[in-house]
Amino acid sequence: MDNVRNFCIIAHIDHGKSTLADRLIQACNAVEERKFRDQILDQMDIERERGITIKSNTVTLLYDAQDGERYKLNLIDTPGHVDFSHEVRRSLMSCEGALLVVDASQGVEAQTVANLYLALEYDLELVPVINKIDLPSADIDRVAEEIDEDLGLDPFEAVQTSAKNGVGIDNVLEAIVTKLPAPQGDPAAPLQALIFDAQYDAYRGVVLLVRVKEGTLRPGRKIQLMHTEKEYDVEEVGLLQLERKKDDKLEAGAVGYVIAGIKAVRDIAIGDTITEADNAAAEPLPGYKEAKPVVFSSIYPMSTDDYEDLTKALDKLALNDAAITYEKDSSSALGFGFRCGFLGLLHLDVVQERLKREYGLSLLLSAPSVKYRVLLEDGEELEVENPMFFPDPANIATTWEPFIKAAIMMPERYIGAVMDLCRERRGVNTTFSYLAVGRVELTSEMPLAEVLFDFYDKLKTITQGYGSFDYELLDYRESDLVKVDILVNSEPVDALAQLVHRDKARQRALHYCEKLAETIPKQQFKIAIQGAIGGKIIARSTIGAFRKDVTAKCYGGDITRKRKLLEKQREGKKRMKMVGAVEIPQAAFVAVLKSETDK
Amino acid sequence: MLPGVYLHVPFCATVCPYCDFAVLVGDGDRRERFVASLIREIELWGTATTPELVGADTIYFGGGTPSMLAPEQLGRILEALRARLPVAREPWISLEANPEDVTVESARAWSDLGIRTLSLGVQSFDRKALEFLGRVHDPDAGRRAVELALEAGFDSVSIDLIYGLPGQDEAAWRADLEAALALGPDHLSCYQLTVHRKTVFGVRKRRGELVEMPDDQQAELFLFTHRFLNDAGFQGYEVSNFARAPEHRSRHNMKYWNHTPYLGLGPSAHSYSGRRRWWNHRSVGPWERAIEAGERPVQESEELSDRQLALESVMLKMRTYAGVDLAETRGEVGLDPAIDRAVLERLIAGDLVVRAGSVIRPTVRGLAVADTLARDLLS
């Protein structure tokens with residue numbers, strides 16, 4: 001056990017975490033050169049493309065240290081985004097130490113600080129790493145100062161690296177061995193193993209990634225998951241060395257995998273504790289928290305024929321995404337679909353991408369919503385995340401919406417514009433503090449719903465890319481909430497209904513009306529598009545009728561071309577959604593719904 | 001109705017900037033070779049045409065500019081047709097002609113060939129408009145051509161006009177129409193300018209040098225044209241066609257609109273036998289080579305399903321004032337064209353069509369959107 005180190009790498013996005021991981025893996029020859037590829041721990045295409053880690057990953061490295069000993073270094077990769085912070089927590093709980101990577105030119109960023117606090121919460125020993133020292137803009141002295149002042153870590157302990165060029169990698173490995181503590185625990189004690197991640201294998205079912213805290217995990221034993229109280233037989237345990245390496249046991253201190261005939265990731269809970277059924281530990285490990293979706297959106301197939309495929313795809317996807325929730329939903333405009341819950345906007349984005357790429361589906365997503373609380377006049381309390389189920393305003397006593405604490409870090413010169421943005425997004429208690437000369441952290445309490453709509457993009461624009469954003473959920477606060485309906489020739493389009501703050505209702509309704517007017521093609525009659533709260537019209541636009549659509553000459557009897565065009569149009573009509581007598585192309589829904597999130 | 005024969009003559013003195021038909025500029029030798037190939041194509045069809053095409057009673061020379069062929073060449077083509085194809089004894093022959101080709105001599109010669117309808121590609125009586133359209137004749141030449149044609153005693157003299165040019169207003173177009181009517185023709189074809197992609201105008205449009213008339217103005221001008229000509233005694237009978245009296249309606253073109261079979265000869269020509277459509281190679285080269293090899297120069301063909309026939313029937317008939325008689329279509333196609341009742345009611349309410357028994361007829365406003373009527377009406 002003394003020769004084991006369990007550690008993770010934490011960093012602000014793009015500070016070089018994955019590259020550093022790549023170099024550590026290469027330095028320990030954990031993978032043959034010809035099989036190596038960049039971001040080797042990121043297995044999904046989306047992770048590679050976006051340069052982010054979504055699923056945590058783990059690898060055991062064998063390292064021959066300068067003291068002549070061979071060490072097992074368990075590198076537990078953590079997701080790099082706030083949406084997945086519960087996964088980060090699970091990963092941190094499996095470690096004794098962490099490498100805290102700071103970019104030599106960017107310095108300490110919002111997430112660096114947030115991650116530091118997380119790491120301290122779990123009592124991790126930290127080794128700062130100043131990465132990207134090869135950059136011309138690298139300012140090692142300033143960054144060392146920030147490490148000292150902003151993070152409270154000893155800058156002299158910092159290892160300087162250029163992961164890209166492979167500089168300083170040996171020093172990092174030595175620091176892991178010498179500065180991070182070995183795990184503790186008793187192999188003979190009752191079993192306590194933390195599930196910090198799960199993967200899905202088409203042949204073996206769920207593969208649990210675990211950190212054994214106490215006791216020993218062996219194949220053939222009956223285990224119990226302490227929170228779900230389900231029992232399974234252990235089929236196989238082993239180490240993760242990019243591929244699974246079967247072993248005869250996992251002892252206290254070890255990080256590895258367990259296969260136990262579990263069918264779907266849904267059946268287990270990340271953060272749960274494994275114990276032995278007939279020699280159970282007295283208590284589960286602390287820190288179990290259910291991952292609760294906070295962002296909701298309805299997903300519809302572009303073509304109603306694809307509903308079955310979407311169902312299958314979601315079932316499959318949920319096998320290795322324990323956080324997504326979905327239930328059947330139907331819209332009169334868009335047909336059958338699913339109301340889905342996500343951990344955040346990035347999670348939503350990732351799921352959507354995966355459904356498109358891995359399952360070849362063409363999808364339509366309704367505007368993302370948060371979960372509101374509603375108190376009715378008769379005293380009943382409801383949670384509403386789907387505008388379709390928003391009660392009649394006449395029966396509502398009070399409504400609440402979730403608030404977040406947003407932390408935005410940026411160079412000082414953008415503070416005015418960012419404060420304006422926060423105010424515009426109904427931010428309150430906005431304060432700021434200087435992190436270092438010229439760098440400011442602004443915190444603001446704002447409704448989560450306001451962040452769902454292009455907030456991050458706006459922030460990036462305003463700060464010319466220098467602003468970073470992080471948030472945590474605070475609480476529910478009273479809010480004057482209304483349901484905005486969009487009517488096309490007086491018929492409400494259910495998929496476009498949304499819940500917004502009264503002050504924002506007109507603006508949002510106007511935006512929808514204008515977008516629809518731009519994207520719905522002219523038809524043989526005039527189309528009125530209206531935004532309404534209850535019976536009151538708050539925004540409108542009109543699409544004039546087209547009055548000319550005829551080929552002047554049916555030349556030389558070429559009827560085929562004309563008929564084929566007509567057949568194509570008729571085919572296209574099938575993909576149109578009929579609202580009353582108005583044909584709305586899918587593109588109009590896409591344009592309206594997209595414009596809010598991806599402006 | 002008996003079937004018709006269409007002959008495509010691809011030659012033009014110059015290629016007009018708006019034209020996307022199969023045309024080329026060719027010298028005398030080229031034209032002679034073409035005539036020989038066309039006669040050979042007629043022979044290749046011979047009596048083996050499908051029964052639906054037997055007894056054709058209209059022959060239409062279109063183009064291009066068929067008037068660029070010498071009367072003697074036209075004569076040989078007609079002779080071959082009569083000798084080789086099962087055409088009627090006295091077919092109604094129509095010829096498209098450009099004003100500059102109309103002389104006392106040529107008109108007499110055409111008349112002697114048995115040509116009954118002369119369709120003149122005048123396009124406009126406005127000098128500026130003609131320049132814009134890239135036409136080689138001037139307004140006076142257009143007028144003279146019409147006068148000569150009328151004096152030569154053709155059964156029908158038709159004038160082709162183009163309207164809806166960029167910047168053209170109602171007054172300018174009205175003046176053009178009045179100039180045409182003043183000459184006393186029997187028939188008018190008024191085509192609204194369409195900018196096709198693969199034309200000079202198409203290129204200029206993409207470059208932003210040519211801005212098309214806005215849709216709303218085009219619609220206004222379309223409605224004006226029908227109103228004005230109907231009031232002037234030129235009864236409209238199709239989207240772009242107007243006749244002084246029913247007997248002056250284009251006997252051949254009517255066949256396209258009421259689903260009557262026709263045989264198309266010459267490059268790019270289309271044929272329809274009532275079940276099948278086929279079309280010749282578009283360019284003269286491949287068309288000629290196929291004929292040289294002793295093959296019919298057909299590029300492709302398609303067999304129509306009942307549904308497709310029904311769609312075509314409604315689509316084509318909704319281009320005409322007469323509209324579609326659903327009972328008749330049912331008999332013809334063997335399939336009930338399933339009309340979407342809700343759409344029909346909406347179109348009636350919107351004053352786009354009227355219904356009388358089993359007949360659905362477009363109004364003039366309906367004709368302006370004729371391309372959408374069949375699409376929407378059929379469920």
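Here are some notes:
- Residue B:312 more than 12 Å from every other protein chain (Cβ to nearest Cβ), farther than 20 Å from residue B:242 by Cα and in a helix (DSSP H, G or I): no
- Residues that are in contact (Cβ under 8 Å) with a residue 60 or more places away in the chain and buried (at least 20 other Cβ atoms within 10 Å of the Cβ) within segment A:127-145 comprise A:129, A:131, A:132, listed in sequence order.
- Condition met for residue B:148 (within 14 Å of chain A (Cβ to nearest Cβ) and under 30 Å from residue B:112 (Cα atoms)): no
- Check on residue B:106, polar (S, T, N, Q) and outside any helix (DSSP H, G or I): no
- Residue tally, condition assigned to a loop (DSSP other than H, G, I, E, B) and over 31 Å from the mean Cα position of the chain (by Cα), over segment A:220-233: 2
- Residue in segment B:281-291 that is facing another protein chain (nearest Cβ under 10 Å), in contact with a Phe, Trp or Tyr (Cβ under 6 Å, 6 or more places away or on another chain) and either more than 25 Å from residue B:236 (Cα to Cα) or part of a loop (DSSP other than H, G, I, E, B) (or both) present: no
- Considering segment A:484-599, the qualifying strands (runs of 3 or more DSSP E), each wholly inside and each with 2 or more residues that are touching a residue at least 60 places away in the same chain (Cβ under 8 Å) and more than 11 Å from chain B (Cβ to nearest Cβ), run over A:498-501, A:577-579.
- Filtered residues of segment A:380-397 (kept if in contact with a Ser or Thr (Cβ under 9 Å, 6 or more places away or on another chain) and either among the hydroxyl-bearing types (Ser, Thr, Tyr) or assigned to a strand (DSSP E or B) (or both)): A:384
- Restricting segment B:322-378 to residues that are surrounded by 17 or more Cβ atoms within 10 Å (Cβ to Cβ) and of a type in the set (Ser, Thr, Tyr), the residue that is farthest from the other protein chains (Cβ to nearest Cβ): B:329
- The single condition among (1) buried (at least 24 other Cβ atoms within 10 Å of the Cβ); (2) assigned to a strand (DSSP E or B) that residue B:142 does not satisfy is (2).
- Strands (runs of 3 or more DSSP E) within segment A:1-115 that include 3 or more residues at pLDDT below 85, over 30 Å from residue A:439 (Cβ atoms) and outside the structural domain of residue A:343 (by TED's automatic domain parsing): none
- In segment B:218-243, the residues that are surrounded by fewer than 21 Cβ atoms within 10 Å (Cβ to Cβ) and assigned to a loop (DSSP other than H, G, I, E, B): B:232, B:233
- Residue within segment A:278-286 that is in contact (Cβ under 8 Å) with a residue 24 or more places away in the chain, under 30 Å from residue A:447 (Cα atoms) and not assigned by TED's automatic domain parsing to the domain that holds residue A:92 present: no
- The set of residues from segment B:67-115 being buried (at least 16 other Cβ atoms within 10 Å of the Cβ) and on the phi > 0 side of the Ramachandran plot is empty.
- Just one of the numbered conditions (1) in a loop (DSSP other than H, G, I, E, B); (2) among the charged types (D, E, K, R); (3) farther than 15 Å from residue A:200 by Cα is not true of residue A:321: (3).
- Filter result for residue A:142 (in a helix (DSSP H, G or I), in contact with a Gly (Cβ under 7 Å, 6 or more places away or on another chain) and under 24 Å from residue A:59 (Cα atoms)): no
- Residue match in segment A:105-113 (condition: without any contact (Cβ under 8 Å) to a residue 40 or more places away in the chain, small (Gly, Ala, Ser) and closer than 21 Å to residue A:62 by Cβ): no
- Scope segment A:310-361; condition under 25 Å from residue A:268 (Cα atoms), free of Cβ contacts under 8 Å to residues at least 12 places away in the same chain and touching a strand residue (DSSP E or B) at 6+ places or on another chain (Cβ under 7 Å); matching residues: A:328
The values are calculated or read from the model by the stated rules, or taken from the named source; none is laboratory data. Keep in mind it's a predicted model, so treat the numbers as computed, not measured. When we count neighbours, we look across all protein chains shown, and the Cβ atoms used for this are built from the backbone with ideal geometry, even at glycine.
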